[in-house]
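What follows draws every value from the coordinates through simple rules; no lab data is involved. Because the structure is predicted, anything quoted here is derived from the model rather than measured. Here Cβ is always computed from backbone atoms with ideal geometry, including for glycine, and neighbour counts include all displayed protein chains.
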Amino acid sequence: MTIRKKILLILGTSLGVLIALLAAFIRLFPIERLTPYTLIPLIILIIVFGLLAALLIERLVVSRVGFLSDKVTNINPATFTGKLTIAGNDELSILAEGVNKIMVTLGDSQEKLRDREEQYRRLFNQDLSANYVARADGEILLCNPNFVRLFGFGSLKETIGTNLFSLFPGNEAREKHLQFLLREKKLEAQEMEFRKKDGQRLEVVANVFGNFNEQGDLLQIQGHLFDISDHKQAQSNLQRLTDRDQLTGLYNRTYFEREMQRLESGEFDPVGILISDIDGLKFINETMGNAVGDQVLLSAVEIVKKAFRESDLIARIGGDEFAVLIPSCDRTLMEEAYRKIRKGVQEYNEENPLIPLSISMGIAINSDSGTGVQALLKEADNTMVREKTLSSQSIHSSVVATLKKALEARDFITQGHAVRVQELCEKMARTLRLPERTIMDLRLMAQFHDIGKVGIPDRILMKPGSLSPEEAMDMQRHCEIGYRVALAATDLVPIADWILKHHEWWNGEGYPMGLKGDKIPLECRILAIADAFDVITNNRPYRKGAPREQALKEIKDYAGIQFDPYLVRIFMELVEKGEIN
């Protein structure tokens, strides 16, 4: 039964009883007989029934409403716990049940909200980014540990309350940041620069969001910062590797050409260009090894660098070629740099006589003609090529002389070895009645046949025991090295082919070409016997010489294997005649 029906029932019942009682009272007491004394019982009766009706209404309705009100008032808004119980099956009991359902729903929502807040707080604090929430005036209200570490603060407590804008590199950067945020409402993947607490520069990628009210006023700033300082440093290092030559540390050709294009604008005219080339560097690399060539290269770089200003751009544009780009230049400056390089080369050669250095150069400047930078480079290059052509033969001859000295210093032409081998070769050649020109060339080969050994490391040349397969391969390279040396020097060109083939064996098991029998030049076959006899019978740094008889026995044993059998017989006949001691 509903509350309305209950109230109507109580009021209707009370009214009906009162009417019945009133009718009975009128029968007993007609109006003309009514007196105050007879009305008093009627009034009391009406009051009693009214009180009874009110009491019933209060008990059945008002008290239950009050109970429900008290229960609802005492509900904990933080947890929404508790249950309302109202007896009956009316609106109040239904209302109580509805309130119970609402509390369960609110309680679940509150729990989910707390879970989400906890999850957000965990993500906020544990995120890889440095997170913060600040007021519109910059005061930091909230931040995570990463923010504290990133900016170098000692603790979270120290960081909270710090002004975010004090971490910007300046007022201009702060204003620019705020204006952009007010206009765009957010910044996404924006590279920004900050300053740590100690003033150290910090580069980040920032995602920043503004919280605004309905009027468009900025209330809070929320940011997520990713430190990219290491990435920027790595990028800078990579760019340096991209723009620089690894051996010399100078700029490379790609960077040089990019700078040339920049100077085409004419803003830095007059522009000067110097092109320089190390004469014979390839020759030195092939004969004395890359390590020696690199050292010569680096020495040349130092000489060139000392001749120019810090602002001038020096680049390695080829294996042995350098270019210098001089903005805002004049001819006096160019000529002075040219003279400094020449003087530096002279001083270097005085201090390093064993490995002479020669640099060919060409210079050009656009002060008079207004020539473009590309055309200027071509002009300087042409000048350098002409100078290089004049000096190339002299530098090669100088290097060959140096190699001979180096060979002597390493004990390969000491103690009369070259002289003895020359004499042995000449005696065999004259016995064979070879032309005088051939005998002269044979004597020259006896002196220079091992010139290529200057390119072989001492650890291999002086090794007392057997060579490993890898070391043997390195040793065999001396024939090819000597061949290239001979081709580079005019005086040695006639014997270059003999130097290449002087280690070929009669049975075809020699090197480097595996020639066999008569395919081996006669001069090489003569030298092989003379050289072997002298090497066996004389001391070397890594072993003592053997008796003559042992040497002769070895040569006989290898006749038809290493040596030409016919030439071995000629050699033995000379020994028997006493012409070879």
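When the alpha carbon gyration tensor of the stretch 410-576 is reduced to an equivalent ellipsoid, the three semi-axes, largest first, read 22, 20, 16 Å. Stokes-Einstein diffusion for the stretch 432-484, with the hydrodynamic radius set to the Kirkwood value over Cα pairs and evaluated at 20 °C in a medium of 1.002 mPa s, equals 169 µm²/s. If the segment from ASN382 to ASN539 were pulled out straight at 0.36 nm per residue, it would be longer than the present Cα-Cα gap by 51.2 nm.
Label-to-label distance for ASP518 and ARG339 is 6.7 nm, based on points extended 7 Å past Cα in the beta-carbon direction. Extension gain for the segment ASN290 to LEU52, taken as residue separation times 0.36 nm less the Cα-Cα distance, is 73.4 nm to one decimal.
The label point for LEU241 and the one for SER466, both projected 7 Å from the Cα toward the Cβ, are 4.3 nm apart. The Kirkwood hydrodynamic radius of the stretch 127-233, based on inverse pair distances between different Cα atoms, is 13.9 Å. Summarising the label geometry, the points placed 7 Å from Cα in the beta-carbon direction at GLU257 and THR438 lie 5.4 nm from one another. Exposure proxy shown here: for GLU335, GLU470, GLU379, the number of other Cβ atoms within 10 Å sets the order, fewest to most, as GLU470, GLU335, GLU379.
In a fully extended conformation the segment linking PHE212 and LEU106 would gain 35.3 nm over its present Cα-Cα distance, using 0.36 nm per residue.
Listed peptides 493-499, 341-347 appear in the order 493-499, 341-347 once ranked by packing, highest mean of other Cβ atoms within 10 Å at the front.
As a rough guide to protection, the peptides 260-273, 181-194 ranked by mean Cβ packing within 10 Å, highest first, stand as 260-273, 181-194.
At 10 °C and 1.306 mPa s, what whole-number value in µm²/s does Stokes-Einstein give for the translational diffusion of the stretch 201-340, with Rh from the Kirkwood sum over Cα pairs? In µm²/s, the coefficient rounds to 84.
With all pairs of separate Cα atoms included, the stretch 483-581 yields a Kirkwood hydrodynamic radius of 14.4 Å.
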